[in-house]
Structures are given as C-alpha cells and as structure tokens.
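First the structure, in the form of structure tokens, and then the observations on it.
Derivation of every value follows stated rules applied to the coordinates shown; laboratory data play no part. Since this is a predicted model, take the numbers as computed values, not measurements. Please note: Cβ atoms are built from the backbone with ideal geometry, for glycine as well, and neighbour counts cover all protein chains shown.
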Amino acid sequence: MHTPAGAAGMTEVAFHFNAPDKLAYVCRLARKAMRHDARVVITGAAQDLQQLDRMLWALGTTDFVAHCLEDAGEEMLQLSPVVLARDACVCSHRDMLVNVGDTVPEGFAQFARLVEVVSQSDQADRSRARERWRHYAARGYGIVRHDLVLREGA
C-alpha cells in the first residue's frame, strides 16, 4: 500500500497517453489497483463518473470492482476501495487519484499517486492534457509517461 504523499514527499504524477477508450481503460486500472490493495479515487465530470459507475457494475463477476459514488454516505466512502467523485478530497484515503477530467484536480498533492488518463484520438483532450502536464512540471513534479499504444504492442 502506498504512503500518503505528505509522508513520502511529492505526489508521483503519471500520464497514461493514447487510451483508445478512456473510461474502459480506467475500469481496468481500477481493477488492477484494487487487486493490489490500493484505494482509488477517480475524478472527472459528473457524466463521465456516472458512465464509469455503470461500466464498473457491468464488468464480469470475476472482474467486479467494489466502488461507490461520492454521495453514497460516509460509511460507504470509507469501505469502498474505489470512489467516483467530482471532489477528489471527498474521502480520507489517499493512495491513488485517477483523473479523467479536463482540469488539474483540486487536492491532488494529498495523494501518493496521480494518474492522468489521456485519449488517443480526442485532440481537445490531448491539448488539455498538455496544459495539465505543464502545470505539474512548472511546480517541480517529476512526470512519468506511459504510452498505452507502445505498451499494448510490446
């Protein structure tokens, strides 16, 4: 399990580029994180979070990802390994933050890890991701780049 950023230093920032389907990729990422006992907050626009909620419920029984939306109540927020929230700081766990939104998430520096997921074909999404990259770089964050096209082809 990851140590909160405040105890270990700066948040680890990673950009996962070239996702053919951002939300499907986030479902796989959440499943993998949950299997490694990491707690995840996924942030983005309300409509994306609602679609992610439906997609996570539709995964096969062996791929089920326990999750809740930010308005599920305090007990569910504490128990759920994956929380879908417009406000990244809605719950107390701070292992990993996954951003599918257009802007730098408020409170990202409280998390041990931040993963920015970027579309393969949506040029506006790619442009906004470059802005977020510049934001993190200007503040001294080391950024790890993961090209999903190269990873799948390897």
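Kirkwood hydrodynamic radius computed over the stretch 108-153 comes to 12.0 Å, based on all pairs of distinct alpha carbons.
Counting every pair of alpha carbons in the chain, the share spaced more than 25 Å apart comes to 23 percent.
Using the Cβ-Cβ distance between Arg126 and Glu74 with R0 set to 41 Å, the FRET efficiency from 1/(1 + (r/R0)^6) comes to roughly 0.65. Which Cα, out of Cys89, Met55, Ser119, lies furthest along the positive dipole direction of the chain (beta carbon charges, K/R +1, D/E -1)? Among Cys89, Met55, Ser119, the one farthest towards the positive end of the dipole of the chain is Ser119.
Computed extension length for Gln47-Leu148: 33.9 nm, one decimal, from 0.36 nm per residue of separation with the Cα-Cα distance subtracted. Dipole check for the stretch 55-122: with +1 at the C-beta of Lys and Arg, -1 at the C-beta of Asp and Glu, and the Cα centre as origin, the magnitude is about 200 Debye.
Cβ crowding within 10 Å ranks Glu75, Glu70 as Glu75, Glu70, fewest other Cβ atoms first.
The charge dipole of the chain, taken about its Cα centre with unit charges on the Cβ atoms of Lys, Arg (+1), Asp and Glu (-1) only, comes to about 540 debye. For the stretch 82-123, the spread of Cα coordinates along the three principal axes comes to 34, 18, 18 Å, biggest extent given first.
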